[in-house]
Amino acid sequence: DARVTQTPRHKVTEMGQEVTMRCQPILGHNTVFWYRQTMMQGLELLAYFRNRAPLDDSGMPKDRFSAEMPDATLATLKIQPSEPRDSAVYFCASGPGTGAPEETQYFGPGTRLLVL
Amino acid sequence: ELKVEQNPLFLSMQEGKNYTIYCNYSTTSDRLYWYRQDPGKSLESLFVLLSNGAVKQEGRLMASLDTKARLSTLHITAAVHDLSATYFCAVDPTGTASKLTFGTGTRLQVTL
């Protein structure tokens, strides 16, 4: 059963602390996406990678957020320092990246982050 | 800036009734996606619509795409409680299943 996995599923932290979220894409998928979901802004694309290379991170606040793919099975999203306005659900998604017409993105369960 | 708007934002309907959710987008795109999200859960892909006039059906849900009008619809036939969820459309003007811009979502509540 191929699924995107994310850890942790829930995180409560205090303002100023570093937060690291991890994602394991579906095996064989070469495209990875990070989204943020809030009530006010909805679903926003933060960054995405293809073959581990960052292709677009224009949706990500550069001063405190960073995204990396240390290897093909792990993507990370870090926030340092965290702020209360970062409270949201962060989704990772992956896609095969084959360019097939019906290709879609497969979402992980999300990390629910609360910054106090 | 690409804008994707859905209406209604919230829909309460009785079981057995029919209704349509609308998705309008502001730029040319030949590819449109529909996703479902249950409360507190992840997003599940429902449909990928690839061209003008495309129609896809799965159970009580039918999605269509009119690229000239920049409009997609998600039609619900004879709603059942299990369809209660939030439905999102998303547009990908790049045609690469990459830079998806999501709509605001339509929260559907089907009552007995």
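Here are a few things to note about the model shown:
- Remark: C-alpha extents of segment A:1-77 on the principal axes read 36, 26, 24 Å, sorted largest to smallest.
- Summarised as an ellipsoid, the protein assembly as shown has semi-axes of 30, 20, 16 Å, derived from the eigenvalues of the Cα gyration tensor scaled by 5 and square-rooted, with the largest first.
- Counting only DSSP beta bridges whose two residues both lie in chain B, roughly 90 percent are antiparallel.
- Semi-axis lengths (Å, descending) of the ellipsoid that matches the C-alpha gyration tensor of chain B: 23, 14, 12
- Segment B:1-54 - Rg over Rh from alpha carbon coordinates, Kirkwood radius: 0.99
Values quoted throughout were computed directly from the atomic coordinates according to the rules given, and no laboratory measurement underlies them. Owing to the predicted nature of the structure, the values given are computational and were not obtained by experimental measurement.
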